[in-house]
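Step one of this worksheet: look at the structure below.
The values are calculated or read from the model by the stated rules, or taken from the named source; none is laboratory data. Please read all numbers here as calculations on a predicted model, not as lab measurements. We place every Cβ from the backbone using ideal geometry, glycine too, and count neighbours over all the protein chains shown. For the accessible areas, the whole protein counts, side chains as well, though only heavy atoms, and no ligand, DNA or RNA atoms are used. Shrake-Rupley method; radii C 1.70, N 1.55, O 1.52, S 1.80 Å.
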Amino acid sequence: MYNAIKSTLKNFCNMKKKIGIKSLLTALAVSALLTANAQNTNPFTIKVNDLKAPIQPTMWGVFFEDINMGADGGLYAEMVKNRSFEFANPLMGWKEQRQAGSNVLIVNRNVEHSPNPRFARVTVNSTKPFGLINEGFRGMGIKKDNGYDFSVWAAMQDGNSMTLKAELVSAKGDKLGSASVSVSGKEWKQYKVSFTANATEAKGKLNVWFEGKGVVDVDMISLFPQDTWKRRPGGLRADLVQLLADMKPGFIRFPGGCIVEGKDLVNRYQWKKSVGKVEDREVIVNRWNMEFAHKPTPDYYQSFGLGFFEYFQMSEDIGAEPLPILNCGMACQFNTAEVVATDQLDPYIQDALDLIEFANGNTDSKWGKLRADMGHPKPFNLKLMGIGNENWGPQYIERVKIFTKAIKDKYPNVGLVNSSGTDQAGERFDYLNGELRKMNADIIDEHYYRDPLWFRQNARRYDTYDPASSKVFAGEYAAQSKAIASTENRNSWICALSEAAFMTGLERNAGVVYMASYAPLFAHVDAWQWTPDLIWMDNLRSYGTPNYYVQKLFSLNKGSQVVPILLNNDVVAGQDSLFATASIDKSTNELLIKVVNTSDKDVTKQFIFEGVKKLDPKGLITLLKSDDLNKVNSLDEPKSVSPTESPLAVSGKKLDIVLPAYSMQVIKVKIIN
Ligand code: AHR
């Protein structure tokens, strides 16, 4: 303060030399104002009993897409790549350890009609074993003392029996554990065996040794760790699901993203092909495999081992509403832009209706029975569904109308999410937004991949939306530090902080914005196509980015109803680089204030609580900050930017709180009435 007065005086003296008395008075007033701003003497007023919009339980969720090896090689814990020999090159991911007289042949049992037509026929005509070596997804992450479940479908073609030995080895060739099964009989059977690894290895491989003379057919050669999420055999990577569970997301959107649309219609995501027995799920190429010339990933396919049942189950496990997005009869408009003729949309619409039956139907209905057969007789209670991803143009509106009518006629209570295209503004957006609002769409999905400044400048975006009109799903957003889809984008603190600033505007407008999710969710450090991403992993480890911690803080502290937090009687949305939102959690009677300071200066602010009798003297501050705007987290330093908590002493109904430079804080105070 003293320094401020001193500098004001100095300015005053300098000015006095130059100007007359009237100008001097004006200058004094301006100077006083500037000083006031620099000091931030104007308080924040929180109107605790002025309850505004309810915050939807779905407000903060996650967006899952199989991009960056998010599913196969990521969340889906299968360690064998191309386990059923269905990649275009059937031995991609495999190497042969040849012996004279031994060989492998790929047999196609039914090119046209089988979901899993190929298998490998191995002939061993040597006393030495023949080997098939699988490289995994950029290696296999193996953990000391963890159990591993090996399984294979096999049938003897010639000879009585053969031994198949599964052996994990390190990159250097050290043996880390093994077990064998004995195959006999000509009919296809699944063989299973488990073993424990004796060391940890980041880039292991699986050797499958074929021992004994004969000819054996093999398919679905699989290896799973036993420490999966909830220790489900053939399940999901526990560390990754845990990171999601820790966020307590309100919903999980799946399976994308552009993967829903496919490069062409044949390549679109078809949920019916992702359910039932894993060996009957048809493998197709992942649309992201060659999308970016700078990041070719030719070995990127979709096994659908993580399919719609597993998405529903994971949503249920972590208390999130499932939000499936379905193809609307249009392939990706950046690729082929194929559309299905409107008079041939029926199978697509039937897929949507059947999905509701799969999720919610009785166990005596066709699709409800499948759900029960897969182990979940109870309904999944699906309430929301998306029609199309980033589709645009009149052809989208035409199709969405047909879908909406068919779905609402049968299931009027299922809420529908519609697309507003690829961008948050412009001709495409204006057209779709206008048409969808005319249709009274339930929820409109908006996407913005923009630079950090855009996020800081758009905290008021929803202040002018009509809460009586269609609701908004901020379905995909992420600040891009360099440029959209640039490989140089980083999950740096400036991006996360700018998103936090923007998100205050989403929460403040909870009457308009019902859902929001950062995108994409996962990326494998050795196999990504798109950056930035919320969570990064290798085959053993994973970490949340600064953006993850921003999402998590908003989600864990969302409260149930917005209350006004005002600066000079205006919302706090960028004045002096400050952003804020406040809410009440009715179940705990806590006041939750999120404040973001994007300036390079610490600011002390007074918070005045109106409309409340008393506050609990013990509050809590959670701080997320870094002085370095370029700071990122990493596998080696996963928590460089992560929240810290400290107690907050509250006395009376006014508080002075320091808002550190480049920080986000959550201030939690209990109301005592
Ligand atoms: O999140 C990556 C991609 O960005 C999504 O698949 C798509 O919807 C958007 O263009």
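Checking the condition modelled with pLDDT of 95 or more, among the small types (Gly, Ala, Ser), farther than 19 Å from residue 447 by Cα and surrounded by fewer than 24 Cβ atoms within 10 Å (Cβ to Cβ), which residue from 555, 481 passes?
Residue meeting the stated conditions: 555.
Quick check on my filter: what residues within segment 457-467 are open to solvent by 50 Å² or more (accessible area, probe 1.4 Å) and in a loop (DSSP other than H, G, I, E, B)?
Listed by number, the residues that qualify are 460, 466, 467.
If I go through segment 598-627 residue by residue, how many of them are out of contact with any Pro (no Cβ under 7 Å at 6 or more places or on another chain) and loosely packed, with under 13 Cβ neighbours inside 10 Å?
4
Please determine whether any residue of segment 291-298 is buried (at least 19 other Cβ atoms within 10 Å of the Cβ) and either within 16 Å of the ligand (Cβ to nearest atom) or assigned by TED's automatic domain parsing to the domain that holds residue 520 (or both).
yes
List pairs: first in segment 581-593 and under 14 Å from residue 46 (Cβ atoms), second among the charged types (D, E, K, R) and open to solvent by 50 Å² or more (accessible area, probe 1.4 Å), Cβ under 6 Å, 6+ apart or cross-chain?
Close Cβ pairs satisfying both conditions: 590/668; 590/670; 592/668.
Return a yes/no flag: does segment 528-546 have any residue that is among the acidic types (Asp, Glu), under 30 Å from residue 77 (Cα atoms), surrounded by 24 or more Cβ atoms within 10 Å (Cβ to Cβ) and in contact (Cβ under 8 Å) with a residue 60 or more places away in the chain.
Checking segment 528-546: at least one residue is among the acidic types (Asp, Glu), under 30 Å from residue 77 (Cα atoms), surrounded by 24 or more Cβ atoms within 10 Å (Cβ to Cβ) and in contact (Cβ under 8 Å) with a residue 60 or more places away in the chain.
If you scan segment 119-140, which residues turn out to be in a loop (DSSP other than H, G, I, E, B), in contact with a strand residue (DSSP E or B) (Cβ under 8 Å, 6 or more places away or on another chain) and either open to solvent by 50 Å² or more (accessible area, probe 1.4 Å) or of a type in the set (Phe, Trp, Tyr) (or both)?
Selection gives 135, 137, 138.
Any residue that is over 26 Å from residue 355 (Cα atoms), more than 16 Å from the ligand (Cβ to nearest atom) and either in the same structural domain as residue 517 (by TED's automatic domain parsing) or outside any helix (DSSP H, G or I) (or both) - is there at least one of those in segment 415-427?
yes
Quick one: would you say residue 68 is within 16 Å of the ligand (Cβ to nearest atom) and under 31 Å from the mean Cα position of the chain (by Cα)?
Here the answer is yes, as residue 68 does meet what is asked.
Hey, residue 116 hits all of (1) open to solvent by less than 30 Å² (accessible area, probe 1.4 Å); (2) under 23 Å from residue 300 (Cβ atoms); (3) not in a loop (DSSP other than H, G, I, E, B) but one; which does it fall short on?
Against the list (1) open to solvent by less than 30 Å² (accessible area, probe 1.4 Å); (2) under 23 Å from residue 300 (Cβ atoms); (3) not in a loop (DSSP other than H, G, I, E, B), residue 116 comes up short only on (3).
Tell me which residues, restricted to segment 376-398, are more than 16 Å from the ligand (Cβ to nearest atom) and either open to solvent by 10 Å² or more (accessible area, probe 1.4 Å) or without any contact (Cβ under 8 Å) to a residue 24 or more places away in the chain (or both).
Residues satisfying the conditions are 376, 377, 378, 379, 380, 381, 383, 384, 394, 395, 398.
Could you count how many residues in segment 53-63 are open to solvent by less than 20 Å² (accessible area, probe 1.4 Å) and either within 10 Å of the ligand (Cβ to nearest atom) or part of a strand (DSSP E or B) (or both)?
So the answer is 3.
What are the residues in segment 330-341 that are assigned to a loop (DSSP other than H, G, I, E, B), over 9 Å from residue 262 (Cβ atoms) and either within 16 Å of the ligand (Cβ to nearest atom) or assigned by TED's automatic domain parsing to the domain that holds residue 270 (or both), if any?
Across segment 330-341, the qualifying residues are 333, 334, 337.
Only one of these is surrounded by fewer than 17 Cβ atoms within 10 Å (Cβ to Cβ) and not hydrophobic (A, V, I, L, M, F, W, C): 373, 354. Name it.
Just one listed residue meets the conditions, 373.
Mind telling me which of the residues 440, 458 ends up being at positive phi and either away from the ligand (no atom under 16 Å from the Cβ) or not assigned by TED's automatic domain parsing to the domain that holds residue 468 (or both)?
Matching residue, one of 440, 458: 440.
Report those strands (runs of 3 or more DSSP E) wholly inside segment 514-560 carrying at least 1 residues which are over 30 Å from residue 53 (Cα atoms) and within 15 Å of the ligand (Cβ to nearest atom).
It comes to 522-524, 535-537.
Tell me which of these residue 507 doesn't satisfy, since it passes every other one: (1) open to solvent by 10 Å² or more (accessible area, probe 1.4 Å); (2) in contact with a helix residue (DSSP H, G or I) (Cβ under 9 Å, 6 or more places away or on another chain); (3) of a type in the set (D, E, K, R).
Tallying (1) open to solvent by 10 Å² or more (accessible area, probe 1.4 Å); (2) in contact with a helix residue (DSSP H, G or I) (Cβ under 9 Å, 6 or more places away or on another chain); (3) of a type in the set (D, E, K, R), residue 507 fails exactly one: (1).
Any idea how many residues of segment 484-504 are touching a strand residue (DSSP E or B) at 6+ places or on another chain (Cβ under 9 Å), under 21 Å from residue 624 (Cβ atoms) and surrounded by fewer than 22 Cβ atoms within 10 Å (Cβ to Cβ)?
Residues meeting the conditions: 1.
Give the residue that is farthest from the chain's Cα centre (by Cα), with candidates limited to residues of segment 468-481 that are part of a loop (DSSP other than H, G, I, E, B) and more than 16 Å from the ligand (Cβ to nearest atom).
Only one residue tops the list, namely 468.
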